[in-house]
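The values are calculated or read from the model by the stated rules, or taken from the named source; none is laboratory data. Just so you know, these numbers come straight off a predicted model, no measurement behind them. Quick reminder, even Gly has a Cβ in these numbers, built from the backbone with ideal geometry, and neighbours come from all protein chains shown. What goes into the accessible areas is simple: the full protein's heavy atoms, side chains included, and nothing from ligands, DNA or RNA. Shrake-Rupley method; radii C 1.70, N 1.55, O 1.52, S 1.80 Å.
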Amino acid sequence: KLDGSEGEPQKRNVQEDLPIGQIYSCGNTILAFSNVPQNGGEYGSYWEWHSETDTFTYLMDMPSSAGYFDDTAGYYHDDGAIWRYTYATGKAEIMVQTGLNGKYQLMAYPDSIVLFSASGEDYTLYIYNWEYELVEAVSVEGYGNYVSSILIGETAERFLLSGKGGYHFISKSELGVGTAEIHPIEQW
């Protein structure tokens, strides 16, 4: 705890039977990735880490592309669709057919879902709302070689981008009306 009530920091007790690699924050979930799949998957598995007890709860095997995994479901893009995998039922369902073939990563924000190419062949941010409707497709070609490193965050009014020698933004007020463009941030 940050108030110091737990004394000196203790080394994390890693479960030897569960080799955990990276740990991420996904909303209120602390997501742990293991290179070892649990249920026949090909790419590894995702677990929720409970820091208070230093235990893990299995969520799902990793899909073919990175996504967003909260405390009830995982969201990812595969086979031209956005999928939701509900942990409690162990079932995946298609939320929307995107028509995007290839590997696309998914990032989730409070009011939107953003897809972008994991292969670097498509320099477009595909922005969906949580009703799974495409709101806008914004080209980021020329802003960097890796789309995954261009989109760095989000505020209530903007998507924040890094590339082309500085920081930029896409105004959410321009989305859905066909006027979305990338603007430089004059002062950070």
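Applying the selection to the stretch 151-171, what residues are more than 18 Å from Tyr68 (Cβ to Cβ), aliphatic (A, V, I, L, M) and within 18 Å of the chain's Cα centre (by Cα)?
Selection gives Ala156, Leu161.
Residues that are farther than 27 Å from Ala32 by Cβ and open to solvent by 40 Å² or more (accessible area, probe 1.4 Å): find the strands (runs of 3 or more DSSP E) completely inside the stretch 69-170 holding 1 or more of those.
In the stretch 69-170, 91-97, 134-139, 158-163 are the strands (runs of 3 or more DSSP E) which contain 1 or more residues that are farther than 27 Å from Ala32 by Cβ and open to solvent by 40 Å² or more (accessible area, probe 1.4 Å).
Can we say Ser25 is outside any strand (DSSP E or B) and either in contact with a Phe, Trp or Tyr (Cβ under 6 Å, 6 or more places away or on another chain) or under 25 Å from Lys172 (Cβ atoms) (or both)?
no
May I ask you to say which residue of Glu48, Glu52 is surrounded by fewer than 12 Cβ atoms within 10 Å (Cβ to Cβ) and not hydrophobic (A, V, I, L, M, F, W, C)?
Glu52
Out of curiosity, is Leu2 open to solvent by less than 50 Å² (accessible area, probe 1.4 Å), modelled with pLDDT under 80 and not in a strand (DSSP E or B)?
So Leu2 fails the test.
Just checking, does the stretch 138-148 include any residue being out of contact with any helix residue (DSSP H, G or I) (no Cβ under 6 Å at 6 or more places or on another chain) and over 24 Å from Leu175 (Cβ atoms)?
yes
Filter the stretch 55-68 down to residues that are open to solvent by less than 50 Å² (accessible area, probe 1.4 Å) and either assigned to a loop (DSSP other than H, G, I, E, B) or free of Cβ contacts under 8 Å to residues at least 24 places away in the same chain (or both), then give me how many there are.
Of the residues in the stretch 55-68, 6 are open to solvent by less than 50 Å² (accessible area, probe 1.4 Å) and either assigned to a loop (DSSP other than H, G, I, E, B) or free of Cβ contacts under 8 Å to residues at least 24 places away in the same chain (or both).
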